[in-house]
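The values are calculated or read from the model by the stated rules, or taken from the named source; none is laboratory data. Note that this is a predicted model, so its numbers are computed, not measured. Because the Cβ atoms are built from the backbone with ideal geometry, glycine has one as well, and the counts that use them run over all protein chains shown. Areas reflect the complete protein model, heavy atoms only, side chains present, ligands, DNA and RNA absent. Shrake-Rupley method; radii C 1.70, N 1.55, O 1.52, S 1.80 Å.
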Amino acid sequence: MLGIGPKLLALAVVAFAFATSARAADCGDTPEGFKAWLDGFKEVAINDGGISPEVVDSALATATFDRSVLAHDRGQGSWQGAKQGNFAAFAAAHITAARIKRGKAMLLAYAEPLERIEQRYGVPGPVLVAIWGLETDFGSGLGTYPTFSALATLAYDCRRADLYRTELIDALMIVQRGLLTPDEMRGAWAGELGQTQFMPSAYLRYGVSSNGGRDVDLMRNSADVLASTANFLQKKGWKREAKWDPGDPNFAALLEWNAAEVYARTIAQFADRLAESE
């Protein structure tokens, strides 16, 4: 965990979540009150979250309330389609001929790092490339939402405030550890970052370099992205040399990646199509 042991980190997150709830508990779904709340959150981040004033100032100085983030959170578009359970339609829309062709090309282009990653984590290349393709079309669609505005909006919103306040402190920690600058942190509307869309907490917890280290870049280094995705799946119980379709031992790990069964089944089917080329 990038210099912090998992037990110590867990205690820090719990302590921070408690402090945030106690000292910055006001919330809302309109711009009114957002600035006052954000000013209070900055104090919490410095005093209870261990974030330096310089990082807080640089990361949150331009954070704004974004109505479109809340609109996405209420509707959730393609994700909502996955939750509603129409697997055939969802899979057909996402496992296209063009995406399969590009995915097979990526298996060839990254054959060497994928082999090393499978040796280390036990996760085959087709599974990792399938996730990569579904999440951001192999890194071509990382998202354009400023991460700190997106997370601050969701942290201020009353619906899941505690969850996103914790993610916001983890995003600040990414900056504090020198992994990314605030300007580099642009991604999905819910705060996901990088080529396979890790939340800040997952970025810190599962991010590894392709050679097994911790100096990781999930925005630009595709080999790091693939290794970190494999690390996540291994930590969630992936079994080496086992299959991944529904009913197989590793399908549970795909559900850890995305709890919507339709999405997990789509990953599995895409991986099956990519594996046909091997």
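Residue check: is Asn250 within 21 Å of Gly103 (Cβ to Cβ), in contact (Cβ under 8 Å) with a residue 12 or more places away in the chain and out of contact with any helix residue (DSSP H, G or I) (no Cβ under 7 Å at 6 or more places or on another chain)? Here the answer is yes, as Asn250 does meet what is asked.
Whenever a residue of the range 109-135 is touching a residue at least 12 places away in the same chain (Cβ under 8 Å) and closer than 9 Å to Ala230 by Cα, its partners that are of a type in the set (D, E, K, R) and open to solvent by 50 Å² or more (accessible area, probe 1.4 Å), lying with C-beta atoms within less than 6 angstrom and at least six residues away or across chains, give the pairs Gly122/Arg240; Pro124/Glu118. Only a single criterion out of (1) farther than 27 Å from Arg74 by Cα; (2) open to solvent by 30 Å² or more (accessible area, probe 1.4 Å) is not satisfied by Arg265, namely (1). If the condition is being under 16 Å from Ala161 (Cβ atoms) and among the β-branched types (Val, Ile, Thr), then the range 23-63 contributes Thr30, Val44.
Taking the stated definitions as given, is Glu167 more than 15 Å from Ser228 (Cβ to Cβ), open to solvent by 20 Å² or more (accessible area, probe 1.4 Å) and free of Cβ contacts under 8 Å to residues at least 40 places away in the same chain? When the stated conditions are applied, Glu167 does not pass them. Within the range 37-77, how many residues are part of a helix (DSSP H, G or I) and more than 30 Å from Ala260 (Cα to Cα)? Counting residues in the range 37-77 that are part of a helix (DSSP H, G or I) and more than 30 Å from Ala260 (Cα to Cα) gives 19.
Of everything in the range 174-184, what is aliphatic (A, V, I, L, M), free of Cβ contacts under 8 Å to residues at least 60 places away in the same chain and either assigned to a helix (DSSP H, G or I) or open to solvent by 20 Å² or more (accessible area, probe 1.4 Å) (or both)? Give them in sequence order. Ile174 - this is the single residue of the range 174-184 that is aliphatic (A, V, I, L, M), free of Cβ contacts under 8 Å to residues at least 60 places away in the same chain and either assigned to a helix (DSSP H, G or I) or open to solvent by 20 Å² or more (accessible area, probe 1.4 Å) (or both).
Residue by residue, here is whether (1) farther than 20 Å from Ala190 by Cα; (2) open to solvent by less than 50 Å² (accessible area, probe 1.4 Å); (3) touching an Asp or Glu at 6+ places or on another chain (Cβ under 8 Å); (4) in contact (Cβ under 8 Å) with a residue 60 or more places away in the chain holds:
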site: Asp29; (1), (2), (3), (4): no, no, yes, yes
site: Glu43; (1), (2), (3), (4): yes, no, no, no
site: Asn47; (1), (2), (3), (4): yes, no, no, no
site: Val55; (1), (2), (3), (4): yes, yes, no, yes
site: Ala59; (1), (2), (3), (4): no, yes, no, yes
site: Phe65; (1), (2), (3), (4): no, yes, no, yes
site: Ser68; (1), (2), (3), (4): no, yes, no, yes
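Within the range 153-164, restricting attention to residues that are touching a residue at least 40 places away in the same chain (Cβ under 8 Å) and part of a helix (DSSP H, G or I), the residue that is farthest from the chain's Cα centre (by Cα) is Tyr156. Restricting attention to the range 130-150, the residues being within 21 Å of Asp170 (Cβ to Cβ), surrounded by fewer than 22 Cβ atoms within 10 Å (Cβ to Cβ) and either out of contact with any strand residue (DSSP E or B) (no Cβ under 7 Å at 6 or more places or on another chain) or modelled with pLDDT under 95 (or both) number 2.
Taken over the range 185-244, the residue count meeting the criterion of being in a helix (DSSP H, G or I), within 18 Å of Leu114 (Cβ to Cβ) and open to solvent by less than 30 Å² (accessible area, probe 1.4 Å) is 13.
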